[in-house]
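Beneath this line is the structure, given in structure tokens, with notes to follow.
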Amino acid sequence: MELRYTFRLEPDPGARASLARAFGCARVVWNDALTVRRAAFAAGLPFPRTAELSKSLITQAKRTPQRAWLADVSSVPLQQALRDQDRAWRAFFDSLKRSRKGAKVGVPTVKSRKDSRQSVRFTSNAGWKITPAGNLSLPKIGHIPVRWSRHLPCTPSSVTVIRDGAGRYFASFVVSSDAKADAARFPIAAGDQGVDLGLAHFAVLADGSRSRSPRFLRRAEKKVKKRHRTLSRKQKGSNNREKARVRLARAHAGVADARKDFHHQLSTKLVRENQSVTVETLNVQGLSRGALSKAVHDAGWGQFLRMLEYKAKRYGREFTRVAPDFPSSQLCSACGHRDGPKPLNVRTWTCPRCGALHDRDWNAGQNLREEGRRIRAKAAQTAPPTPGPGALTPA
């Protein structure tokens with residue numbers, strides 16, 4: 001499977017200027033292509049193809065005085081900007097036809113130089129490389145030092161250079177994982193867990209172990225509020241306002257990075273120690289609209305579940321999602337009696353049938369584990385039989 005390995009970059013002032021030029025050129029090509037396609041749609045003309053736009057907006061535009069500066073950057077990021085817009089339009093049309101899963105996708109929009117995130121992508125034919133000194137060498141940009149935190153498992157197929165809202169630079173490499181190396185790193189485990197996610201405790205497992213919610217935003221809220229107030233007092237368009245905006249963005253980036261690191265550590269621990277992991281299907285978007293919206297966003301359940309799912313797939317673990325209507329907090333894990341819904345302030349309850357005293361979250365984790373086992377057993381029964389080594393196959 002393909003993965004992204006992201007590392008921090010430390011460009012000098014010259015490299016930052018060259019990257020800013022590349023960001024700007026890719027952004028202009030995107031906006032020019034968007035203008036041409038919108039005009040064709042309004043005039044009832046056929047949808048312009050990428051090859052046509054590449055010839056007119058890049059190759060021929062470089063020869064004009066208005067777009068001659070496009071030749072100052074590598075042509076590969078400009079081509080990739082057109083391909084990115086192709087994917088954006090395709091996602092929009094598929095969303096209109098309801099053939100695309102997930103949330104509804106809107107029409108591609110104009111990119112601005114004031115956008116908090118800027119990026120360009122270099123594929124293998126761009127001639128970029130990693131030097132023996134460990135620097136990232138990009139065409140028409142130069143060598144950029146990289147903070148290597150781990151080794152790349154193989155030769156990357158592409159690299160995306162990103163500048164976030166806090167002014168930090170990153171290199172995101174696309175690599176392919178090695179199945180044999182992954183199997184040797186995480187051998188088969190005997191554990192089977194059900195994971196109940198919450199707010200007081202981020203995760204309560206079926207074996208009774210708990211992981212407290214760090215509440216990163218709550219801990220940094222005082223500093224974030226102070227920087228928000230400082231930003232609101234600055235004059236719009238001034239240099240001091242831009243400095244205050246960057247300080248605020250860095251505060252938010254620190255919270256997001258700490259949350260992501262916590263999610264990575266916990267998801268890796270669960271995948272390493274268990275062969276099967278069962279989780280509940282949460283409507284995070286709906287839960288984030290209520291009185292607990294700030295706490296729900298601070299927990300970051302969606303990001304954690306996505307990490308857990310791709311890591312389980314990578315290391316050959318069984319990952320099971322239970323239906324959202326499964327009453328994990330209403331069932332008695334001892335006798336199976338359904339006791340009905342309970343308000344959130346009820347943390348312990350006694351089963352009226354068998355008299356077992358249950359911790360709400362622990363009981364839910366046990367019920368999720370059993371439901372996951374039932375789902376996997378049913379899937380194994382309905383799956384077609386695997387032909388043996390001597391079985392005949394149709395010609």
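Brief remarks on what is shown
- Scanning the range 255-279 for residues that are over 12 Å from Phe304 (Cα atoms) and touching a helix residue (DSSP H, G or I) at 6+ places or on another chain (Cβ under 7 Å) gives Val255, Ala258, Val271, Ser276, Val277, Thr278.
- Residue within the range 302-314 that is in a loop (DSSP other than H, G, I, E, B) and in contact (Cβ under 8 Å) with a residue 24 or more places away in the chain present: no
- Counted residues, the range 43-86 - those being free of Cβ contacts under 8 Å to residues at least 40 places away in the same chain and not in a loop (DSSP other than H, G, I, E, B): 19
- Test: residue in the range 275-288 that is in contact with an Asp or Glu (Cβ under 8 Å, 6 or more places away or on another chain), over 15 Å from Gly198 (Cβ atoms), among the hydrophobic types (A, V, I, L, M, F, W, C) and buried (at least 16 other Cβ atoms within 10 Å of the Cβ): yes
- Filtered by the rule that a residue be closer than 21 Å to Arg374 by Cα and in a strand (DSSP E or B), the range 175-222 gives Gly191, Asp192, Gln193, Gly194, Val195, Asp196, Leu197, Val204, Leu205.
- In this entry, Lys260 is excluded by the filter for residues that are surrounded by fewer than 18 Cβ atoms within 10 Å (Cβ to Cβ) and without any contact (Cβ under 8 Å) to a residue 24 or more places away in the chain.
- Out of Asn283, Asn345, sole residue that is in the same structural domain as Ala258 (by TED's automatic domain parsing), closer than 27 Å to Arg219 by Cβ and free of Cβ contacts under 8 Å to residues at least 12 places away in the same chain: Asn345
- In the range 116-130, of all residues being free of Cβ contacts under 8 Å to residues at least 60 places away in the same chain and within 30 Å of Arg245 (Cβ to Cβ), the one that is surrounded by the most Cβ atoms within 10 Å (Cβ to Cβ) corresponds to Phe122.
- Residue in the range 131-138 that is of a type outside the set (Phe, Trp, Tyr), in contact with a strand residue (DSSP E or B) (Cβ under 6 Å, 6 or more places away or on another chain), within 27 Å of Leu308 (Cα to Cα) and in contact (Cβ under 8 Å) with a residue 60 or more places away in the chain present: no
- Taken together, the residues in the range 74-105 that are more than 23 Å from Thr35 (Cα to Cα) and either surrounded by 17 or more Cβ atoms within 10 Å (Cβ to Cβ) or not charged (D, E, K, R) (or both) amount to 3.
- Residue in the range 146-153 that is closer than 13 Å to Glu2 by Cβ, more than 20 Å from the chain's Cα centre (by Cα) and either part of a loop (DSSP other than H, G, I, E, B) or not assigned by TED's automatic domain parsing to the domain that holds Arg21 (or both) present: yes
- Residues that are exposed (fewer than 11 other Cβ atoms within 10 Å of the Cβ) and aliphatic (A, V, I, L, M) are absent from the range 324-338.
- Scanning the range 166-207 for residues that are of a type in the set (Gly, Ala, Ser), crowded, with 17+ Cβ neighbours inside 10 Å, touching a helix residue (DSSP H, G or I) at 6+ places or on another chain (Cβ under 8 Å) and not assigned by TED's automatic domain parsing to the domain that holds Arg259 yields a count of 1.
- In the condition set (1) modelled with pLDDT under 95; (2) over 24 Å from the mean Cα position of the chain (by Cα); (3) part of a helix (DSSP H, G or I), Lys294 is compliant with all but (2).
- Members of the range 325-348 found to be touching a helix residue (DSSP H, G or I) at 6+ places or on another chain (Cβ under 7 Å) and not in a loop (DSSP other than H, G, I, E, B), listed by number: Leu331, Thr348
The values are calculated or read from the model by the stated rules, or taken from the named source; none is laboratory data. Here the structure is a predicted model, which is why all the values come from computation and not from measurement. Neighbour counts are summed over all protein chains in view; Cβ atoms, including those assigned to glycine, are modelled from backbone coordinates with ideal geometry.
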